[in-house]
1. Could you list, in sequence order, the residues of region 92-106 that are surrounded by 16 or more Cβ atoms within 10 Å (Cβ to Cβ) and modelled with pLDDT of 85 or more?
2. How many residues are more than 11 Å from Trp86 (Cβ to Cβ) and hydrophobic (A, V, I, L, M, F, W, C) when one looks only at region 16-32?
3. Just checking, which of Phe49, Phe12 is open to solvent by 50 Å² or more (accessible area, probe 1.4 Å) and free of Cβ contacts under 8 Å to residues at least 12 places away in the same chain?
4. Being open to solvent by less than 40 Å² (accessible area, probe 1.4 Å), closer than 17 Å to Asn56 by Cβ and assigned to a strand (DSSP E or B), is that true of even one residue in region 113-123?
5. Being open to solvent by 50 Å² or more (accessible area, probe 1.4 Å), touching a strand residue (DSSP E or B) at 6+ places or on another chain (Cβ under 6 Å) and not in a helix (DSSP H, G or I) is the filter here, so list the residues in region 59-85 that pass it.
6. Quick test for you: out of Val102, Val9, Val34, pick the one residue that is touching an Asp or Glu at 6+ places or on another chain (Cβ under 6 Å) and aliphatic (A, V, I, L, M).
7. For Glu41, all conditions in the list (1) at pLDDT 85 or above; (2) farther than 24 Å from Glu19 by Cβ hold save one; what is the number of the exception?
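The values are calculated or read from the model by the stated rules, or taken from the named source; none is laboratory data. Note that this is a predicted model, so its numbers are computed, not measured. Here Cβ is always computed from backbone atoms with ideal geometry, including for glycine, and neighbour counts include all displayed protein chains. Surface areas here come from the heavy atoms of the whole protein model, side chains and all, with no ligands, DNA or RNA. Shrake-Rupley method; radii C 1.70, N 1.55, O 1.52, S 1.80 Å.
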Amino acid sequence: MNSFDALLVVSFGGPEKHEDVLPFLENVLRGKNVPRERMLEVAEHYYHFEGRSPINDQNKELIAALEAEFRNHGVKIPVYWGNRNWHPLLPDTLKQMQDDGVRNAAALVTSAFGSYSGCRQYREDIARAQQAKSLELRAAMSLAGLWCNQGKLQEARELLELAEQDVLTRWKLYEHMAAAPGNGGPVGRTWR
């Protein structure tokens, strides 16, 4: 099994300021039959918070915590971040990873849902974004359902440690996650 040379945090993304809200929502709704009036109603919810979604700050905190854990355990791999709908966008992050020489990354999807939008669509997004790249991405885990309690967070930490040691095979990961209550589908597959 190949060693991972980076961790890619993949998330939904969110606007940072008032001017970002409509372009962000247009990205989210691209290809979907949603009336513009409804999009503008949703925009008002963001404007109530000056156009800023908390998701990017939460991702920055997660990345800082992961980097600290990696440092504390002597793991010397960079953590990258790419979003489905707003900056940093996944294709731009994959380009940066390629430029940095990354060839085998573990992808950590932050979605807490085991639905199409919260699971499989992220795999499709990664595959689409990497079509023109020569970057092999392996899913070390999916966070579907892991935010519900501390025990699940400990399981996630243990899975990451196993992945760092290269003893976690795709089958074992699939078997473990498939047995978890509320799992939305297979994880641990290679995206090409």
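1. Result: Thr93, Leu94, Lys95, Met97, Val102.
2. The total comes to 2.
3. Details: Phe12 fails: free of Cβ contacts under 8 Å to residues at least 12 places away in the same chain.
Residue meeting the stated conditions: Phe49.
4. The initial filter retains those residues of region 113-123 that are open to solvent by less than 40 Å² (accessible area, probe 1.4 Å), namely 114, 118-119, 121-123.
From what is left, the residues that are closer than 17 Å to Asn56 by Cβ are 122.
Adding the requirement that they be assigned to a strand (DSSP E or B) leaves none.
No, region 113-123 has no match at all.
5. Let us first name the residues in region 59-85 that are open to solvent by 50 Å² or more (accessible area, probe 1.4 Å), namely 60-61, 64-65, 67, 69, 71-74, 76, 78.
Checking which are touching a strand residue (DSSP E or B) at 6+ places or on another chain (Cβ under 6 Å) leaves us with 67, 78.
Hit for region 59-85 is Pro78, nothing else.
6. On the way: Val9 fails: touching an Asp or Glu at 6+ places or on another chain (Cβ under 6 Å); Val34 fails: touching an Asp or Glu at 6+ places or on another chain (Cβ under 6 Å).
It is Val102.
7. Exception for Glu41: condition (2).
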